[in-house]
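Some notes on the structure that comes next.
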Amino acid sequence: MVAPKVAVVGAGVIGLSTALCIAETCPSCSVTVLSDQFSPNTTSDVAAGMLIPHTYPDTPIHVQKQWFKETFTYLFAISNSAEASEAGIHLVSGWQVFKNTPKEELPFWSDIVLGFRPMSEEELRKFPQHRFGQAFTTLKCDCPPYLLWLEKRLKAIGVQMRTRKVADLWELHSEYDVVVNCAGIGAHQLVGDTELFPVRGQVLKVHAPWVKNFIRDGDGLTYIYPGIHTVTLGGTREKGSWNLSPDPGITKDIFERCCSLEPSLRGAQDTKVKVGLRPSRQGVRLQREVLSQGGVKLPVVHNYGQGAGGFSVHMGTAKEAACLVGECIAALQGSSSRAKL
Amino acid sequence: MRGAVIGAGVIGLSTALCIHERYHGLVPSLEMEVYADRQTPHTTSDGAAGLWQPYLSDHGNLQETLWHKETFDHLLGHLGSPAAKEMGLFLISGYNLFTQPVPDPSWKNIVLGFRNLTPKELELFPGYSYGWFNTALMLECRSYLPWLTERLTQRGVKFFRKKVESFQEMFARGVDVVINCTGVRAGELQPDPELQPGRGQVIKVLAPWVKHFIITHDMEAGIYNSPYVIPGSEFTVLGGIYQHGNWNEENSAQDHKTIWESCCR
């Protein structure tokens, strides 16, 4: 096989980073990103992009930790370079506060973020309803800048980007040798994965440039994440809801919850409301599959289901997906040389 | 009873407010006035980025440390109030960097969450091998001074845009008590050889992705003669110039170059 043709379905953070890893590890591959949506209309664009991992019940912790570590290391290097502002990557410090002491005092990622430690009593005084807290410094990937930067890097190394709604992975079998499924929530329909479900998140993006620290309630429902130009206020976790329309009652509720953590937000301006459907699953689906019809085979690599933790693990899962693509190509080349015999 | 504050920088205005708050009830006839030839945004205070951070050492001067604590705690108390945004007051975290280990500062227990930097954090700052992380406060004078002026005006304090040439001039006007908050030019009213200008120059840039202050220290070059980056609510202030004895209020192209290059590093 001279130049294996790889299609990546999906142009969110998972699709774009996966395409990048494939193109970098397989320079002879011709990679194309196919998606019906590109930034700023992907699920990733709604997310704040904070590197605070979500825990997947069905993925081994050491794997999740590895994914997070790889992602953090990769982004840390960019944040410390002149490209940081274009890529939308920046460090941000802040606090995770708990009304009740959490079961595990040290999350698995505490030694990967910077300066992780329990909050002092003086710091906790700012949060009278909370009894325990953790302070640390982590990274934030602002979208759209990060996705646009990934697109720019992809184009620079010859990756094509095509707007196309793929209804069925099989429809790609004649044009591509390997298909990578990074369709996120779209995988529900695309491959009929009933284990994949949306967790609806509504957020507010406001202008409040004096907010320099993040604040997150340990229950994961209320958070304040300062980005480059806007502060993301959240949120909700509505399991099973496919509703993409902003709900004004929820907007008000999010605003009140965030103001009780950070009263100065009452002076925030230019509120924009956004909704995203987190592509959630008990475990990330990161595996190979071979589709076949009538003797024709199509190797597929699935990389979706990162749910609330997409940004936190994207590079780690992208690298692993690229390895799986490499295995698919090797298998194809092996079988094609066998065919010649 | 007439009291006159000379100077409308952060010291003059806050002093005037404290006096009025404390004595207005006790002395019903109290009339306060503020005299200044320069008001916001042209005072020395307006040039400052507004980061609350004292010098590294109080040299054993406990009174200063108490003043620091009182100020910090007072401002911290205002953080949750609706006035905070108007005051230009907000929390900010950041880094102090050194090329060698140094003793902890006198204010380590005043700021929030003071700790040493971890090796991974120091990777961000090549050339620096030691440092601190803490959360402190920003008080932006371009908001704070107008806010103080508004509070004073509401209390009936009168403002006079006027250069005061002597204390005598005030007494001749019938002022009973003069409060001298003239800052760097106090020597014009009463010679004080211990008072010297510490000229600073800054560059204000738009860099809203920078969320932390970064203050470097060069023990040989002296305080604030080493680059610093302080993100405000709109602009990020880059600085690192402290010239003792220099009265020049013009920008220096050389200083501009120094600041820009050292901060980018």
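The angle separating the long axis of helix B:141-154 from the principal Cα axis of greatest extent in chain B is about 20 degrees. How high is the FRET efficiency between residue A:25 and residue A:260 when r is their beta carbon distance and R₀ equals 41 Å, given to the nearest 0.05? Working from the Cβ atoms, E equals 0.30. Element breakdown for segment B:164-265 at a 1.4 angstrom probe: carbon and sulfur atoms account for 52% of the accessible area. Other residues whose C-beta falls under 10 angstrom from the C-beta of residue A:144 contribute a net charge of -3, scoring Lys and Arg +1 and Asp and Glu -1. Per residue, the accessible area of the protein assembly as shown comes to 46 Å², computed with a 1.4 Å probe over protein heavy atoms only. Secondary structure note: in the protein assembly as shown, about 65% of the DSSP beta bridges are antiparallel.
At the residue level, residue A:36 shows approximately 70 square angstrom of accessible surface with a 1.4 angstrom probe and all protein chains present. At a cut-off of 20 Å², which residues of segment B:205-229 become less accessible once all protein chains are present than in their chain alone, using a 1.4 Å probe? Flagged in segment B:205-229: B:208, B:209, B:211, B:212. With a simple spin-label model that places each label point 7 Å from the Cα along the Cα-to-Cβ direction, the separation between residue B:99 and residue A:171 comes to 6.4 nm.
A straight Cα-to-Cα reach below 16 Å connects residue A:212 with the aspartates and glutamates A:123, A:142, A:262, B:140, B:234, residues fewer than 8 places away in its own chain not being considered. So if we plug the beta-carbon distance of residue B:73 and residue B:250 into 1/(1 + (r/R0)^6) with R0 = 41 Å, what FRET efficiency do we get, rounded to 0.05? The formula returns an efficiency of 0.60 here. Counting only Cα atoms, the size of segment A:5-339 along its three principal axes is 72, 39, 38 Å, in decreasing order.
Give the lysines reachable from residue A:297 as a straight Cα distance under 19 Å; neighbours fewer than 8 places away on the same chain don't count. Result set, ordered by chain and number: A:5, A:340.
The residues of segment A:224-251 occluded by other protein chains by 20 Å² or more of accessible area, set against the chain on its own, are A:228; surface from heavy atoms, 1.4 Å probe. Charge tally for residue A:194 (other residues, Cβ to Cβ under 13 Å; Lys, Arg +1; Asp, Glu -1): 0. Between residue B:258 and residue B:18, the simple spin-label model (points 7 angstrom out along Cα→Cβ) gives 3.3 nm. Short-range pairs are left out: with C-alpha atoms under 8 Å and at least six residues apart, the relative contact order of chain A is 26 percent. If you line up the long axis of helix B:253-264 against the longest principal axis of chain B, both from Cα atoms, how many degrees apart are they, to the nearest 10? Compared with the principal axis, the helix lies near 50 degrees.
With a 1.4 angstrom probe, the accessible area lost at the B-A interface totals about 2500 Å².
Which net charge results when you count Lys and Arg as +1 and Asp and Glu as -1 among the other residues whose beta-carbon is under 9 Å from that of residue A:230? Residues near residue A:230 contribute 0 overall.
The charge dipole of segment B:28-184, taken about the Cα centre with unit charges on the Cβ atoms of Lys, Arg (+1) and Asp, Glu (-1), comes to about 280 debye, rounded to the nearest 20.
Across segment A:41-169, the fraction of Cα-Cα pairs farther apart than 26 Å, rounded to a whole number, is 38%. The residues of segment A:44-90 listed by number as losing at least 40 Å² of accessible area in the complex, against the isolated chain and with a 1.4 Å probe, are A:76, A:80, A:85. For chain A, with all protein chains in place and a probe radius of 1.4 Å, 52% of the accessible heavy-atom surface sits on carbon or sulfur. Ellipticity at 222 nm from helices only: DSSP H runs of n ≥ 4 in chain B, each -39500 (n - 2.57), divided by the residue count, give -8500 deg cm²/dmol. Scanning residues 5 or more positions from residue A:235 or on other chains, those with amide H under 5 Å from its amide H are A:222, A:223, with H placed 1.01 Å from N in the peptide plane. Applying 1/(1 + (r/R0)^6) with R0 = 25 Å to the Cβ-Cβ distance of residue B:129 and residue A:80 gives a FRET efficiency near 0.90. Using just the C-alpha positions of chain B as equal point scatterers, what log10 of I(q)/I(0) does the Debye formula give at each q in 0.14 1/Å? The Cα Debye sum returns log10 ratios of -1.09. Each stretch of four or more DSSP H residues adds -39500 (n - 2.57); spread over every residue of chain A, this sum gives -9500 deg cm²/dmol at 222 nm.
DSSP bridge analysis restricted to segment A:5-339 gives an antiparallel fraction near 70%, rounded to the nearest 5. When the Cα positions of A:249, A:119, A:199 are compared along the charge dipole of chain A, A:249 comes out farthest toward the positive end, with charges on each C-beta of Lys, Arg, Asp and Glu. Once you reduce segment B:184-230 and segment A:247-304 to the center of their Cα atoms, the two points are 45 Å from each other.
Scanning chain B for chymotrypsin sites (Phe, Trp or Tyr not before Pro) that sit in a DSSP loop and have at most 16 other Cβ atoms within 10 Å, the longest stretch containing none of them is B:56-241.
If you line up the long axis of helix B:10-23 against the longest principal axis of chain B, both from Cα atoms, how many degrees apart are they, to the nearest 10? Its long axis makes an angle of about 50 degrees. Taking all protein chains together, B:117, A:172 sort by accessible area into B:117, A:172, largest first [probe 1.4 Å].
The values are calculated or read from the model by the stated rules, or taken from the named source; none is laboratory data. Please read these numbers as outputs of a predicted model, since none were measured by experiment. So basically every Cβ, Gly included, is an ideal-geometry build from the backbone, and we count neighbours across all protein chains shown. Calculation scope for accessible area: heavy atoms of the full protein, side chains included, ligands and nucleic acids excluded. Shrake-Rupley method; radii C 1.70, N 1.55, O 1.52, S 1.80 Å.
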